[in-house]
Ligand SMILES: [Zn+2]
């Protein structure tokens, strides 16, 4: 479990305009603070594919260089994606933390860029509402990869 201490902000999961549920902070979070761990069981990508083959919603977080994923369990899995995020994820010694990109005020929804990759479908549309919304939750590299893949296939009717 993530360590909590006096400096950890109080977080609240409630309904969000972006997606079903989101994670909000009740306290100010200073820029640069690692305030939450993306915790959960470490499993291989193939185990994850097997476990979630029939489920539309998963909370998997790819980390490390070997394609392992974290099967999210806890508050961090409720953070929504935004193309204009106020948080980022940071890997440290095999653990993944959520870190504030800027000073965050009490009441703000906590958001980071998912940078999704390695997906068989192309339905990760983004509705974050940011002026600079890219329209997708995939990473820039994944968008390019899918475009190349699509170019090799005949166009859909
Ligand atoms: Zn967006």
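Projected label points at residue 54 and residue 13, each 7 Å from Cα along the beta carbon direction, are separated by 2.4 nanometres. Among 116, 111, a tally of other beta-carbon atoms within 10 Å of each Cβ gives an order, fewest to most, of 116, 111. For the chain, relative contact order (Cα pairs under 8 Å, six or more residues apart, normalised by length) works out to 24 percent.
Ranked by the mean number of other Cβ atoms within 10 Å of their residues, highest first, the peptides 100-108, 48-56 fall in the order 100-108, 48-56. In the chain, helices alone account for a calculated mean residue ellipticity at 222 nm of -3500 deg cm²/dmol, with every DSSP H run of four or more residues adding -39,500 (n - 2.57).
Ordered by the count of other Cβ atoms within 10 Å of each Cβ, fewest first, 123, 58 give 123, 58.
Each Cα pair of the chain feeds into the Kirkwood radius, which the Stokes-Einstein equation turns, at 20 °C and 1.002 mPa s, into a diffusion coefficient of 128 µm²/s. Gap in Å between the Cα centre of the range 49-105 and the Cα centre of the range 25-39? Cα centroid to Cα centroid, the span is 14 Å. Full extension of the chain segment joining residue 47 with residue 92 gains 13.9 nm, where the gain is 0.36 nm per residue of separation less the Cα-Cα distance. Between residue 148 and residue 31, the FRET efficiency estimated from the beta carbon spacing at R0 = 41 angstrom works out to 0.65. Which angle between 0 and 90 degrees, to the nearest 10, do you get for helix 140-152 versus the longest principal axis of the chain when only C-alpha atoms count? That helix lies at roughly 10 degrees to the long axis.
Laboratory data are not the source of any read-out in this text; all were calculated from the coordinates shown. If you're wondering where the values come from, they're calculated on a predicted model, not measured in any experiment. Cβ atoms come from the backbone with ideal geometry, glycine included; neighbour counts cover every protein chain shown.
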